[in-house]
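The values are calculated or read from the model by the stated rules, or taken from the named source; none is laboratory data. Model, not experiment: these values are computed from the prediction. Don't worry about glycine lacking a Cβ; one is built from the backbone with ideal geometry, like all the others, and counts go over all protein chains shown.
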Amino acid sequence: MDSGARSTSEYKKIPLKETLESLQTTANGLSGAEAAKRLALFGHNEITEKKKNPFLEFLLRYWGPMPWLLELAMGLSFVLHHTLEGIIIFVLLTVNAVIGHLHSRGSQKAIELLKKKLAIKAKALRDGKWGMQESRDLVPGDIISIGLGDIVPADAKIVSGGLSVDASALTGESLPVETHESDIIYSSAVVRRGTARCAVVNTGAHTYFGKTAELVNIAKPKSHQEAVMMAMVKYMMYFGIGALVLVLAYGLLANLHEHLVTMLTLAVIFLMGAVPVALPAVLTIVQAVGAM
């Protein structure tokens with residue numbers, strides 16, 4: 001069979017017999033050798049996460065509205081030969097970046113460990129015998145048994161039996177959905193009632209959940225917390241820059257041109273005061289400790 005030959009929605013439309021033929025399987029499942037071949041062809045039943053470059057991730061902490069304001073203040077400090085102040089601002093930036101990066105990496109490791117602890121296993125029929133298989137080792141064509149409380153490990157078509165499944169996280173439906181023979185159940189749905197024997201039709205990134213996750217990664221939505229933090233920064237920035245403009249305007253009107261250095265020094269003070277310097281680091285620490 002060809003990798004990714006049919007989407008889950010296509011399997012939803014065709015009869016059970018045709019589905020089994022398309023998957024080149026039977027109600028008795030696959031052999032161990034055939035399952036190994038398909039695992040090499042389709043890959044593991046998991047969504048691959050793109051690993052970020054730690055060094056690049058660290059450098060990006062110097063990029064953004066808050067760092068820009070601090071960097072502008074730092075630049076003005078060096079221009080005015082206030083080297084000590086410039087160094088202090090750079091140290092503040094770097095301390096925030098280091099603290100945020102270290103705690104962020106720590107929380108990521110905690111989540112990765114949790115994922116390993118919560119690895120899902122599924123009851124699969126291989127070589128005519130039922131056995132427990134790691135969810136990540138399931139392949140299209142596998143026959144699996146699903147019952148009360150199970151998390152559906154892959155997109156599958158019911159061969160026999162019936163289930164009540166909660167797929168609210170995927171479809172938005174608030175109530176459990178009743179499914180019967182020849183119906184499709186989606187990966188990550190939770191079984192609320194019943195038992196069924198099912199044929200796996202798609203795994204990993206080819207599942208309904210996998211494609212949804214890919215769309216989310218492409219969209220790169222901002223979290224509510226990021227939106228609130230950006231709103232706070234913008235408010236502080238507008239307030240600080242507004243006050244700075246008023247003071248500089250007053251200085252120009254009062255013919256204080258000879259005190260230009262003093263006015264620029266004041267600009268640095270306003271820029272520093274407008275930035276909630278420790279906010280990103282504090283939020284990162286709170287999240288990291290919460291994750292641990």
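Evaluate the range 129-145: report whether one residue or more is farther than 23 Å from E46 by Cβ and either in contact with a strand residue (DSSP E or B) (Cβ under 6 Å, 6 or more places away or on another chain) or not assigned by TED's automatic domain parsing to the domain that holds E18 (or both). Yes, because at least one residue in the range 129-145 is farther than 23 Å from E46 by Cβ and either in contact with a strand residue (DSSP E or B) (Cβ under 6 Å, 6 or more places away or on another chain) or not assigned by TED's automatic domain parsing to the domain that holds E18 (or both). Only residues that are crowded, with 18+ Cβ neighbours inside 10 Å and within 14 Å of T265 (Cβ to Cβ) were counted across the range 77-100, and they come to 5.
Restricting N96, N45, N28 to those that are on the phi < 0 side of the Ramachandran plot, touching a residue at least 24 places away in the same chain (Cβ under 8 Å) and part of a helix (DSSP H, G or I) reduces the list to N96.
Pull up the range 160-182, narrow it to residues that are surrounded by fewer than 20 Cβ atoms within 10 Å (Cβ to Cβ) and in contact (Cβ under 8 Å) with a residue 24 or more places away in the chain, then point me to the one that is nearest to F209 (Cα to Cα). Before you say what the answer is, go through the steps one by one.
Initially, the range 160-182 is screened for residues surrounded by fewer than 20 Cβ atoms within 10 Å (Cβ to Cβ), giving 160-162, 164, 166, 168-178, 180-182.
Checking the rest, the ones that are also in contact (Cβ under 8 Å) with a residue 24 or more places away in the chain come to 160-162, 164, 166, 170, 181-182.
Details: S160: 23, G161: 23, G162: 21, S164: 18, D166: 14, L170: 7, E181: 21, S182: 20 Å.
Among them, the one singled out is L170.
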